[in-house]
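> Below are the structure tokens for one structure; questions will follow.
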Amino acid sequence: MNNWEEVKTAYHVARLGTVSAAADALGLHRTTIMRHIDSLEAELGQKLFIRHTSGYTPTEAGEEILRIVKITDDQFKRLATRIKKQANSIEGELIVTSIDILSPLLLPTILEFQQKNPQVTIRYVATESILKLEYGEAHIALRAGSKCEMIDNNVQLFDHLEFGLFAHKSYVERKGMLQGMGDLKDHCFVGIGPDSRCRTQFEEWMKKNIPQDNIVLRTSNPFVGTYSIVAGIGIGFMPIYLLKQYPQLVEVLPRQKEWTVPLWLITHTDMHHTEKVQAFLQILEFAKNTPTDFGFRFKAKQR
């Protein structure tokens, strides 16, 4: 049935007893009320009301309409109350996404959030793919690189992730230390694979300054890149925050401004102000510069 308006009209007439009262309650003209009743009775093939000078009295079919619509109305009110309660509570599932390399930075925040909100299950999607927030694939995204402009998303510059160019001490002992840009052609490097979806500023720097034949290993996985540097395979870029974990690494060139990658915090506009999302964002913002077992969150200590 596609005539809910007529059904609603019949419900108000049956409940209030007169066309005038139903018209006032619904903000409609009397003739519209009577047209709705006539149309519904024609479709159902049943008289819904006994018409008399003092008003409308529901027939048996009219009483059934009154009963069914009252049940539906009560259920809708309970549903509205439940939805409102859920919107103002912190429970259910929260989906967070980022690239793999940011996971050590987000996991302490996830832990703190869960300790404060044990009714919430976190689903953390670590991927280079850009999940569609408008389809509910994620509630909060932390992305690195260029700003992602989307009309329905709230996009904020969250911070900057510093990278440096590192080699393991075993590599330096084997191949020697870089003395300047002129030595780049004499060294081996770990680079980003062509199948990687994550494009960075320092990748462009490598293309401009390092002979492609000197890139002895390419990978689309940032952690494999890190482990390759730690294994002594070659020189490569790593986030500064990982230094504390790998004291055997040596920084081979001074850091350059173009090696710093912006981080964007993204939420969908319809979800941004929900209690659940705001609770997570507040913890993440507070934790941004807090030291952890991984070192400093997003920025290196001032040297």
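> From the phi of every residue in region 225-240, what ³J(HN,Hα) in whole Hz does the Karplus formula 6.51 cos²θ - 1.76 cosθ + 1.60 yield, where θ is phi - 60° and glycine or proline is x?
x, 4, 5, 5, 5, 5, 6, x, 5, x, 8, x, 8, 9, x, 4
> Out of [x] 176; [y] 184; [z] 165, which label holds the value of volume of the Cα convex hull per residue in Å³ that was computed here?
Correct label is [x].
> 5 Å is the cut-off here: which amide hydrogens, built 1.01 Å from N in the peptide plane, fall below it relative to Ser220, excluding neighbours closer than 5 in sequence?
For Ser220, whose amide H was placed from the backbone, the distant partners under 5 Å are Gly193.
> I've got another one for you. Relative to a virtual label point 7 Å from the Cα of Ser170 in the Cα→beta-carbon direction, which members of region 236-277 show backbone nitrogen distances below 13 Å?
Residues passing the 13 Å test: 248-249.
> Once phi is turned into ³J(HN,Hα) by the Karplus curve 6.51 cos²θ - 1.76 cosθ + 1.60 with θ = phi - 60°, what whole-Hz value does each residue of region 39-50 show in order, with x for glycine and proline?
Along region 39-50, the couplings run 5, 5, 5, 5, 5, 7, x, 9, 7, 9, 9, 9 Hz.
> Here's a follow-up. About its Cα centre, what dipole magnitude does the chain give when the only charges are +1 on Lys and Arg Cβ and -1 on Asp and Glu Cβ, stated in debye to the nearest 20?
Here the chain has a charge dipole of around 780 debye.
> Output the pairs from Lys169/Lys288; Lys147/Lys276; Lys208/Lys244; Lys116/Lys288 with a Cα-Cα distance over 21 Å in this structure; if there are none, say none.
Lys169/Lys288; Lys147/Lys276; Lys208/Lys244
> Separate question: Once you place label points 7 Å from the Cα toward the Cβ at Glu91 and Tyr124, how far apart are they in nm?
In this crude spin-label approximation the distance works out to 2.5 nm.
> Order the peptides 204-216, 233-245, 163-175 from the highest to the lowest mean number of other Cβ atoms within 10 Å of their residues.
Output ranking for 204-216, 233-245, 163-175: 233-245, 163-175, 204-216.
> Still on this structure, please answer the following. With runs of 4+ DSSP H residues as the only contributors, calculate the mean residue ellipticity of the chain at 222 nm using -39,500 (n - 2.57) per run, divided by the residue total and rounded to the nearest 500.
That calculation yields -12000 deg cm²/dmol at 222 nm.
> Taking H as built 1.01 Å from N, whose amide H comes closer than 5 Å to the amide H of Glu137, not counting residues under 5 places away?
Amide H neighbours of Glu137: Lys132.
> Now, a different point. Enumerate lysine pairs in region 4-87 that are 8 or more residues apart or on different chains, then count those whose Cα atoms are under 19 Å apart.
Summing the qualifying lysine pairs gives 4.
> What ranking, highest mean first, results for peptides 130-138, 24-32 when packing means the other Cβ atoms within 10 Å averaged over each residue?
Listed from highest to lowest mean packing, they are 130-138, 24-32.
> Using a basic spin-label model with each label point 7 Å from the Cα along Cα→Cβ, how many nm lie between Gln278 and Glu60?
For Gln278 paired with Glu60, the spin-label model returns 5.5 nm.
Read-outs: derived from the displayed coordinates by stated rules, not from any lab. As the structure is a computational prediction, the values presented were derived from the model and not from experiment. Ideal geometry is used to build each Cβ from the backbone, glycine not excepted, and the neighbour counts take in all protein chains shown.
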